[in-house]
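Some notes on the structure that comes next.
Computed from the coordinates by the stated procedures, all read-outs in this text should not be read as laboratory data. The model shown is predicted, which means the values in this text are computed figures rather than measured ones. All Cβ positions, glycine included, derive from the backbone under ideal geometry; neighbour counts span all protein chains shown.
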Amino acid sequence: MSAKGRSRARIRPGARSAEGSSGTLRAAWLQVHLWLGLSLGVVGALLGISGAVLVYDHEVDALLNPARYAVSGTEAAQPMLEYATRAEAALGGGARATALRLPDQERGPVVVSVRARGDGGPFQRVYLDPPTARVLDVGSGRDLIAWLHNFHESLTLREYKGREIVGAVGIAMLISSLSGIYLWWPAGGLRRGVFGFRRGFPLHRNLHYVIGFWGAAVLAILSFTGIVIAYPDAGRSVVSAVSKVSPSPRGIQSAGGGGLPIGPDEAIAAAREHYEKSTVVGVGFPTGPRGAYRVNLREIGDNNSRSGTVVFVDARTRAVLQKLDRSTRGGGDAFLLWQRIVHEGGAGGALGRVVVFLGGLMPPILMVTGLLMWLRQRGRKRASAVAPVAAD
């Protein structure tokens with residue numbers, strides 16, 4: 001028997017079968033990876049670019065609209081009701097303030113979200129000077145940052161299930177990033193030189209492999225956190241099955257009956273009775289006749305306003321209806337809370353923001369380089385199919 005024959009004889013049928021099934025699985029995942037990129041890659045790329053810009057939304061907005069950041073000081077010296085009243089007056093025509101955000105840990109304006117023309121109008125932002133409550137600027141709704149927020153959250157299709165569509169794109173990006181690692185993994189196992197540019201590969205292919213490998217974890221995390229944000233109810237249901245999650249605040253209502261409702265300053269006072277050393281970072285105004293105030297506080301030790309305390313106050317009786325803080329928040333609550341913090345680059349300080357910014361640039365780079373790889377492969381297949389005909 002020849003050496004070649006003896007070599008063939010030593011190959012076990014089981015090994016050949018395993019190799020064939022592995023090749024079939026790899027080919028299947030390659031098709032999944034390819035068509036996810038070709039079908040939803042453009043949307044994913046646009047979401048990535050918009051997300052990268054939004055990591056530095058305040059900085060970019062200040063460059064584009066310096067007037068709204070020309071504040072005379074950092075301390076909010078006026079009553080909350082004064083900011084809300086002036087913001088409503090700036091729009092007129094039955095405008096209603098829905099939320100107010102204070103410049104927590106940064107120099108900037110008080111921002112009041114106002115629903116123009118009552119409950120049926122669009123949301124607009126009014127920017128006020130913290131010490132004086134003077135109106136600095138009124139957002140038009142066509143501002144770049146406001147539009148990018150709307151696009152990144154719902155593709156500007158909020159009333160057409162746009163948020164759910166963004167979540168579906170996030171699922172596709174998560175599958176794509178994880179399948180990319182599987183397809184990248186060398187058949188002969190890890191060895192020196194596989195983590196960087198490979199000799200003989202064109203630039204676009206090297207970029208796709210290297211950026212895809214080193215950034216896959218970041219892209220997977222951003223995709224996963226985006227999915228949880230897009231499907232909050234489903235996220236709560238899944239997490240509550242394995243860890244404690246507080247009741248959803250959506251069902252909270254103020255007491256019915258007559259009498260004048262309290263103002264936002266009274267609601268803040270009621271909330272701070274339980275957290276005397278806290279700092280107010282925002283207020284959500286009641287919606288509807290039974291709506292409640294939502295007071296956002298930052299306690300000592302909280303380095304991110306989103307990780308602070310939330311208190312819901314009855315708009316008529318001044319009673320605290322529900323409060324979430326470090327002592328009442330379960331493991332599931334903390335997990336859900338940190339999804340948005342991580343997604344926005346709020347974890348890890350300046351370095352965390354840089355990482356999320358670079359992660360947002362990955363989808364467009366991977367989409368373009370993957371498209372070039374696919375076009376080059378199609379060109380090779382066409383050339384090989386034409387070659388025999390030309391030879392005849």
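Scoring 374-382, 34-42 by mean Cβ neighbours within 10 Å over their residues and listing the highest first yields 34-42, 374-382. Just checking the listed ones, 348, 284, 162: in the Gaussian network model of the chain with Cα springs under 10 Å, the one fluctuating most is 348. Couplings 3J(HN,Hα) for the range 176-185, derived from phi with the Karplus relation 6.51 cos²θ - 1.76 cosθ + 1.60 (θ = phi - 60°), are 5, 5, 6, 5, x, 5, 4, 6, 6, 4 Hz, where x marks Gly and Pro. Considering only 178, 222, 25, the mean-square fluctuation computed in a Gaussian network model of the chain, springs between alpha carbons under 10 angstrom, is largest for 25. Sequence-ordered 3J(HN,Hα) estimates for the range 200-208 from the Karplus curve with 6.51, -1.76 and 1.60 and θ = phi - 60° stand at x, 8, x, 4, 5, 6, 4, 4, 4 Hz, glycine and proline given as x. Phi angles across the range 336-342 convert, under the Karplus curve 6.51 cos²θ - 1.76 cosθ + 1.60 with θ = phi - 60°, into 3J(HN,Hα) values of 5, 4, 6, 4, 6, 4, 5 Hz, Gly and Pro given as x.
On a 0 to 90° scale, report how tilted helix 13-54 is relative to the longest principal axis of the chain, with both axes built from alpha carbons and the result rounded to the nearest 10. The helix 13-54 is inclined about 30 degrees to the chain. For residue 309, the residues whose modelled amide H falls within less than 5 Å of its own, excluding neighbours fewer than 5 places apart on the same chain, are 297, 298, 299.
Quick one: check the C-alpha center-to-center distance for the range 96-151 versus the range 322-373, whole angstrom. Measuring centre to centre over Cα atoms gives 24 Å.
From largest to smallest, the equivalent ellipsoid semi-axes obtained for the chain from the alpha-carbon gyration tensor read 53, 24, 19 Å.
Available extension along the chain between residue 385 and residue 160 is 76.5 nm, counting 0.36 nm per residue and deducting the alpha carbon span.
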